[in-house]
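> Before we start, here is the structure in question, set down as structure tokens.
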Amino acid sequence: MDYIKKLSRFILPYKRYGILNIISNVFYALFSTLAMVSLMPMINVLFGEGEKVTEKPVYNGISELKDYAENSINYIITTTSEQYGPQRSLLYMIVLIISLFLLKNLFNYLGLYFITFLRNGVLKNLRNEIYSKVTHLPISYYSEKKKGDIIARISGDVNEVKNSLLAILELIVKEPLTILFAIITMFMISVKLTIFVFLFIPVSGFIISRIGKSLKKKSNRVQTEQGIFLSTLEETLSGLKVIKGFNAEERFNNEFKKSTNRFYNFSNTLMNRQNLASPTSEVLGIITIAVLLWYGGSMVLVEKTLSGGAFIGYIGLAWQILTPAKAISKASYKVKAGNAAADRVLEILETISPLEDIPNAKSKDDFKSEIKLDNISFKYEEDLVLKNLSITIPKGKSVALVGQSGSGKSTIANLVTRFYDVNEGRILIDGENIKGLTKYSLRNLMGLVTQDSILFNDTIKNNLLLGKEDATDNEIIEALNIANAWEFVKDLPQGIETNIGDSGNKLSGGQKQRLSIARAVLKNPPIMILDEATSALDTESERLVQDALEKMMKNRTSIVIAHRLSTIQNADVIVVMQKGEIVEQGTHTELITKNGVYNKLVEMQSFD
């Protein structure tokens with residue numbers, strides 16, 4: 001029940017299928033028992049053991065239901081045999097048995113039919129919610145988690161949860177009811193024999209429970225290891241050029257083999273523990289049946305207190321208990337495995353993002369005056385990356401951030417776009433703290449071109465439409481022209497409809513970067529953030545793109561981060577950073593005149 005509570009919000013939209021499954025399972029359990037009971041009068045007809053009843057029985061209430069049902073069947077058999085012969089009675093019994101078995105299997109199918117919608121519906125909703133959560137969690141979350149582990153949870157673990165849902169309904173409805181109806185009928189046939197049989201059941205239950213005790217822990221180890229080798233696979237595909245370039249194939253092969261070997265060993269232990277359930281329960285069951293045959297046989301042959309038909313029907317019911325009991329033991333293992341998988345899935349879903357919009361966060365549609373970084377400090381782990389830093393960026397001005405690697409330039413871009421939150425201080429847009437704005441509206445004001453050209457396995461057109469969903473082809477071509485990308489796009493086989501491959505790998509680094517710039521141009525935001533935007537361009541492409549960027553930035557607020565000083569010498573303000581602090585700021589000319597840190601950086605590079 002704890003397992004169902006965990007997943008209740010995913011199950012509730014499909015509860016009608018759960019209810020229909022339960023109703024079908026109730027009828028399945030009922031007709032399973034009746035099908036076995038119907039064998040008793042047929043055997044009595046065959047061996048002439050049935051009691052002859054010539055007067056139609058009268059119903060005298062539920063307390064005498066057993067006698068009424070038994071006498072009614074005997075009355076039908078007696079009158080039919082006298083009128084048409086015993087063969088007609090046998091035919092009626094066979095038709096009854098076939099009908100009951102048909103009904104049993106019909107309701108079994110209906111139960112499985114309805115549960116399919118519940119299981120697949122929960123699977124769909126779980127995957128959708130995990131994917132949504134994955135896209136909404138902050139970037140910092142993924143610096144601690146392996147991507148392959150996330151993939152394992154959204155595929156394998158969610159599938160394990162789906163499979164265990166059928167097991168749960170079998171565990172709490174279908175099989176217990178089948179056992180319950182069979183036991184009630186067994187007591188009705190012979191109280192003495194049933195009590196004798198049930199002396200052995202607690203022993204069987206104890207042995208089976210000992211087998212499944214550590215299953216959840218073993219299942220969790222298997223799922224965790226699956227995440228590890230999927231992570232290795234994901235990293236291998238992402239870094240294949242580096243792996244081949246450094247002849248590191250063997251090293252990564254060995255790492256992958258180590259993980260799959262652990263998965264192999266953990267899976268063998270888990271599966272062998274699961275496989276032990278079925279033969280163990282069957283052996284225990286057959287021992288119970290053997291004892292039953294010995295004791296019940298003496299009641300039929302020696303004591304003469306039980307008819308042959310009743311005893312064979314009783315044996316059928318006892319055997320019928322074994323099948324659902326075996327299913328319950330299997331289902332309990334599935335539930336434990338599903339419980340471990342659900343814990344891993346819910347760990348992601350229940351992760352609270354530190355960057356969630358505050359209640360009543362404002363939506364900001366325009367940018368009016370300035371961006372202000374007010375005495376901000378920030379650290380990723382222990383050491384401060386930015387220390388008491390203040391910058392004001394007026395509307396329409398471009399501010400360039402320069403400095404050696406690790407000085408905190410890209411961190412400022414991450415904080416302004418609120419991929420991370422400052423530890424101290426405030427970032428204000430038009431005097432409003434960005435923590436009080438919705439992330440959607442904040443990022444809608446900004447265009448972002450990163451150092452790594454992040455493109456998707458799709459057409460050029462669809463990659464650019466991320467910037468503006470309803471853009472026309474003419475607008476796309478215009479943006480490509482501004483980014484000096486149209487010159488190569490127009491020569492591609494299908495133009496803007498050309499697929500660029502995984503991560504845009506069908507294109508050169510410079511071409512990919514120009515498409516990233518075109519995407520930002522198409523968005524046409526009031527604030528542009530360029531984080532090493534020209535770093536992947538050759539000298540010729542850089543000159544072309546730089547010219548386009550300068551035209552684009554004339555009436556736009558821009559934060560430009562660059563290693564190449566040639567790309568930012570025309571900025572309105574250049575901020576020179578060192579170890580998370582501002583050491584100089586001013587125009588290019590002013591900073592050259594100061595002959596300080598900026599001048600040393602310039603001397604290290606030659607301007608074209």
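Each reported figure results from applying straightforward, stated rules to the coordinates on display, with no laboratory input. Just so it is clear, the model here is predicted, and its values are computed rather than measured. With ideal geometry, Cβ positions are generated from the backbone for all residues, glycine too; neighbour counts draw on all protein chains shown.
> Give me Rg over Rh for region 478-533, both radii from the alpha carbons and Rh done the Kirkwood way, two decimal places.
Ratio value, two decimals: 0.97.
> Decide, for region 423-493, between rounded, prolate and oblate: order the square roots of the alpha carbon gyration tensor eigenvalues as a ≥ b ≥ c, take rounded if a/c falls under 1.5, and otherwise choose prolate if a/b is larger than b/c, else oblate.
Taking the square roots of the gyration eigenvalues as a ≥ b ≥ c, region 423-493 is prolate.
> Still on this structure, please answer the following. Can you put F311, F101 in order, fewest other beta carbons within 10 Å first?
The order, fewest Cβ neighbours first, is F101, F311.
> Okay, moving on. Taking region 293-421, how much of its Cα-Cα pair set, in percent, is spaced more than 18 angstrom apart?
76 percent
> Please compute the alpha carbon radius of gyration of region 453-494, then divide it by the globular-protein estimate 2.2 N^0.38 Å. Two decimals is fine.
1.10
> Can you tell me the Rg and Dmax of region 304-353, counting just the alpha carbons, in angstroms?
For region 304-353, the Cα radius of gyration and maximum Cα-Cα distance read 21.6, 74 Å.
> Another one. Mind putting a number on the dipole of region 316-379 about its Cα centre? Charges go on the C-beta only, +1 for Lys and Arg and -1 for Asp and Glu, and I need it in Debye to the nearest 20.
560 debye
> Moving on to the next point. Among 123-131, 595-603, how do they line up from the highest to the lowest mean number of other beta-carbon atoms within 10 Å?
Per-residue Cβ counts within 10 Å, averaged per peptide and sorted highest first, yield 123-131, 595-603.
> Too long at a 18 Å Cα-Cα cut-off: which of K397/K468; K372/K395; K124/K461; K104/K174; K362/K439; K146/K512?
Flagged as over cut-off: K397/K468; K124/K461; K146/K512.
> If you wrap region 370-604's Cα atoms in a convex hull and average its projection over all directions, what's the area in nm²?
In nm², the orientation-averaged hull projection of region 370-604 is 12.8.
> A further question follows. Which of the peptides 356-369, 518-531 is most tightly packed, and how do the rest follow, going by the mean number of other Cβ atoms within 10 Å of each residue?
So the peptides 356-369, 518-531, ranked by packing, come out 518-531, 356-369.
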